[in-house]
Amino acid sequence: MKVNGHTGILGVLGCPVKHTLSPAIHDLLIEKFNLNFIYIPLEVSRNNFEKFIKGISRIDNFAGFNITVPYKNDVMKHLDEISKEAKLINAVNTVKIQNNKMYGYNTDDFGFIKSIELNYPKFKTAGKKVLMLGAGGASKAVAFALLKNKISKLIILNRTYKNGIKLRNALKMNFKHSDIIVEKLNFNYLNNARGSTQFHDLIINTTSIGLKKDDKILLDLKYLKGHNTLVYDLIYNPTKTGLLKKASAYGLPVLNGLDMLILQALKSFNIWTGIELENKLLKYIMPLRTKLRKML
Ligand code: ATR
């Protein structure tokens, strides 16, 4: 990496950001395209967030940044323009700075849908019945992406029922005619609703449960044995959560969150640099998978 007076700055803003893989992704892309950019972690505590965000667009060579927990929503009121997707998801994960103005985007929905398309090209999202575990920050981008791609039914299973309803109400504002139901999270949900299990085409965990080794498994998948339900966990570290291990043991197709992480980053990179990657996603995803897997 050669830094000089012309180097453009990119980064990831959050607190904490010590474990982020984003610099590793963008480093590789910057190198591949031989660009004069540097991508750095920007750990900013809550007390300093307002001052930081007000000042950052004054740096002429700051080209943009990603935003992670806990600022994806807080950043929005400081931006000059916000994309339609980011407004609907109510979260921004990518900011582009141009002429001291800040433009906000959300690339998570792109990352999510493309990760399924790339790994399971035969799985067409339209018309599918989806069971989503969780109703937190990550859930909204996933639900938005699924509804935009015309799934026929979304069942939200959440520990706190009222948080599920809140998410449903927010989604309903933009997807009035969509079939969205909320149920309280229950390990035996599929067993109780046994007769309808064959209708779940996709089960996706958007909660943080599974990050720790001794985390419990939120849903009994036993009755899916013999079905073709795709089980997706947004968690990528560990690469196989307890839920995915169970799903594999029952012969179900599985996917973790690593490709989504890479794909949302590729889209951010496209926004900052204008370099078109969409028709060569596989070409760029391969070396990134290899690099990140070594770091996990
Ligand atoms: P993020 O923004 O990273 O998605 P979050 O907003 O805190 O994180 O959401 C975490 C999700 O995990 C929520 O759906 C949460 O359920 P509640 O709405 O009941 O809080 C879910 N979650 C967290 N801990 C959980 C647990 N021990 N069991 C089941 N669900 C849990």
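The values are calculated or read from the model by the stated rules, or taken from the named source; none is laboratory data. The structure displayed is predicted, hence computed values, not measured ones. Don't worry about glycine lacking a Cβ; one is built from the backbone with ideal geometry, like all the others, and counts go over all protein chains shown.
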Working only within the stretch 11-36, note down all residues that are under 20 Å from residue 285 (Cα atoms) and touching a residue at least 60 places away in the same chain (Cβ under 8 Å). 21, 22, 24, 25, 26, 28, 29, 32, 33, 35
For residues that are surrounded by fewer than 17 Cβ atoms within 10 Å (Cβ to Cβ) and among the aliphatic types (A, V, I, L, M), scanning just the stretch 172-185, find the one that is farthest from the ligand (Cβ to nearest atom). 173
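Residue-by-condition table, conditions (1) outside any loop (DSSP other than H, G, I, E, B); (2) in contact with a strand residue (DSSP E or B) (Cβ under 8 Å, 6 or more places away or on another chain):
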site	(1), (2)
135	no, yes
144	yes, no
147	yes, yes
151	no, yes
154	yes, yes
162	yes, no
165	yes, yes
172	yes, yes
176	no, no
From 188, 169, grab the single residue that is within 16 Å of the ligand (Cβ to nearest atom), surrounded by fewer than 17 Cβ atoms within 10 Å (Cβ to Cβ), modelled with pLDDT of 95 or more and among the polar types (S, T, N, Q). 169
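For the stretch 81-94, how many residues meet the condition of being part of a strand (DSSP E or B) and within 17 Å of residue 265 (Cβ to Cβ)?
Residues of the stretch 81-94 part of a strand (DSSP E or B): 81-82, 94.
Now drop any that are not within 17 Å of residue 265 (Cβ to Cβ), which leaves 94.
So the count comes out to 1.
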Could you tell me how many of the residues in the stretch 274-296 are under 27 Å from residue 238 (Cβ atoms) and in contact (Cβ under 8 Å) with a residue 12 or more places away in the chain? 12
Specify the residue that is farthest from the ligand (Cβ to nearest atom); the eligible residues are those in the stretch 215-241 that are within 16 Å of the chain's Cα centre (by Cα) and closer than 22 Å to residue 143 by Cβ. 231
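For every residue, the table says whether it meets (1) in a strand (DSSP E or B); (2) modelled with pLDDT of 95 or more; (3) among the hydrophobic types (A, V, I, L, M, F, W, C).
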| position | (1), (2), (3) |
| --- | --- |
| 96 | yes, yes, no |
| 110 | no, yes, yes |
| 114 | no, yes, no |
| 117 | no, yes, no |
| 122 | no, yes, no |
| 126 | no, yes, yes |
| 131 | yes, yes, yes |
Only one of 150, 129, 140 is free of Cβ contacts under 8 Å to residues at least 60 places away in the same chain and either surrounded by fewer than 20 Cβ atoms within 10 Å (Cβ to Cβ) or touching a Gly at 6+ places or on another chain (Cβ under 9 Å) (or both); which? 150
In the stretch 240-296, anything over 26 Å from residue 10 (Cβ atoms), of a type outside the set (D, E, K, R) and in a helix (DSSP H, G or I) is listed as 242, 243, 244, 247, 248, 249
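When the stretch 1-17 is examined, which residues are found to be more than 10 Å from residue 63 (Cβ to Cβ) and of a type in the set (S, T, N, Q)? Lay out the reasoning, then the answer.
Residues of the stretch 1-17 more than 10 Å from residue 63 (Cβ to Cβ): 1-6, 12-17.
Within the stretch 1-17, just 4 meets the criteria.
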Of everything in the stretch 104-138 that's closer than 21 Å to residue 263 by Cα and charged (D, E, K, R), which residue is nearest to the ligand (Cβ to nearest atom)? 108
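Each row is one residue, and each column tells you yes or no for (1) more than 13 Å from the ligand (Cβ to nearest atom); (2) of a type in the set (Val, Ile, Thr); (3) closer than 30 Å to residue 81 by Cβ.
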| residue | (1), (2), (3) |
| --- | --- |
| 100 | yes, no, yes |
| 142 | no, yes, yes |
| 146 | yes, no, yes |
| 155 | yes, yes, no |
| 205 | no, no, no |
When you check residue 229 against the structure, is it modelled with pLDDT of 95 or more, exposed (fewer than 15 other Cβ atoms within 10 Å of the Cβ) and farther than 20 Å from residue 89 by Cβ, yes or no? no
If we scan the stretch 216-229, do we find a residue that is over 30 Å from residue 67 (Cβ atoms) and in contact with a Gly (Cβ under 6 Å, 6 or more places away or on another chain)? yes
Could you grab me the full set of residues in the stretch 35-71 that are under 12 Å from residue 10 (Cβ atoms) and in a helix (DSSP H, G or I)? 56
